[in-house]
1. Do we have residue 54 as at pLDDT 90 or above, in contact with a Ser or Thr (Cβ under 6 Å, 6 or more places away or on another chain) and among the hydrophobic types (A, V, I, L, M, F, W, C) here?
2. I want to confirm something. Restricting to segment 117-129 and keeping residues that are crowded, with 17+ Cβ neighbours inside 10 Å and in contact (Cβ under 8 Å) with a residue 40 or more places away in the chain, which single residue is nearest to residue 53 (Cα to Cα)?
3. Go through (1) crowded, with 18+ Cβ neighbours inside 10 Å; (2) within 24 Å of residue 26 (Cα to Cα) for residue 86 and report which single condition fails.
4. Out of all the residues in segment 22-65, which are within 17 Å of the chain's Cα centre (by Cα) and of a type in the set (A, V, I, L, M, F, W, C)?
5. Kindly provide the set of residues from segment 94-105 that are in a loop (DSSP other than H, G, I, E, B) and over 10 Å from the mean Cα position of the chain (by Cα), ordered by number.
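The values are calculated or read from the model by the stated rules, or taken from the named source; none is laboratory data. The structure displayed is predicted, hence computed values, not measured ones. Here the Cβ positions follow ideal geometry from the backbone for every residue, glycine too, while neighbour counts run over all protein chains shown.
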Amino acid sequence: MASELDLQVLLTGMKPEMQPGIFVFCTMSEETEIPAMIRPLLAFREREGTTLVVRREEAERLGLAYQFASRQITLTVHSSLEAVGFLAAITARLAEVGISVNAVSAFYHDHLFVPHDRADEALARLQEMMRKPSAH
């Protein structure tokens, strides 16, 4: 299946899905190897350290300090990594109602991490945006 570039097709076909569980963001020093017992959904190395996104219960079980308890919403449309404006439109719409978003683009889909206590509202806004993609 080919990835989609057209913004209107992406917005009307994004089909957001809430993933189970609560995810948190942790960090460890750049020099530290990620222990085999940690199964991060995401690992990203920066100069200051490595960011890990893991399930909250895993972070707590392993004694990892964390921030930003969030829910993951997957935009199930196969978006192109070269699509222009897709995440900008989505994050702008959620920003209008004060919902922060940490977005991750993977090969097939975009994933949004939103505050766990506002996740249902974020999902509703995205579903509304599918019906009225130009209205923002």
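1. no
2. At the first step, the residues of segment 117-129 found to be crowded, with 17+ Cβ neighbours inside 10 Å are 118-119, 122-123, 125-126, 129.
Of the ones still in play, those that are also in contact (Cβ under 8 Å) with a residue 40 or more places away in the chain are 119, 122-123, 126, 129.
Numbers: 119: 17, 122: 20, 123: 20, 126: 23, 129: 27 Å.
If we take residues in segment 117-129 being crowded, with 17+ Cβ neighbours inside 10 Å and in contact (Cβ under 8 Å) with a residue 40 or more places away in the chain, then 119 is nearest to residue 53 (Cα to Cα).
3. Failed condition: (2).
4. Listed by number, the residues that qualify are 22, 23, 24, 25, 26, 41, 42, 43, 44, 52, 53, 54.
5. From segment 94-105, those in a loop (DSSP other than H, G, I, E, B) are 97-101; that's our starting set.
The answer is 97, 98, 99, 100.
For every residue, the table says whether it meets (1) under 30 Å from residue 129 (Cα atoms); (2) among the polar types (S, T, N, Q); (3) touching a helix residue (DSSP H, G or I) at 6+ places or on another chain (Cβ under 6 Å).
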| residue | (1), (2), (3) |
| --- | --- |
| 26 | no, no, yes |
| 40 | no, no, no |
| 45 | no, no, no |
| 49 | no, no, no |
| 58 | no, no, no |
| 77 | yes, no, yes |
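Listed here are the residues, each with its yes/no results for (1) outside any loop (DSSP other than H, G, I, E, B); (2) of a type in the set (A, V, I, L, M, F, W, C).
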position: 8; (1), (2): yes, no
position: 24; (1), (2): yes, yes
position: 33; (1), (2): no, no
position: 43; (1), (2): yes, yes
position: 70; (1), (2): yes, no
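Every residue, every condition in (1) under 24 Å from residue 27 (Cβ atoms); (2) part of a helix (DSSP H, G or I), yes or no:
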site	(1), (2)
52	yes, no
57	yes, yes
64	yes, no
92	no, yes
108	no, no
117	yes, yes
123	no, yes
128	no, yes
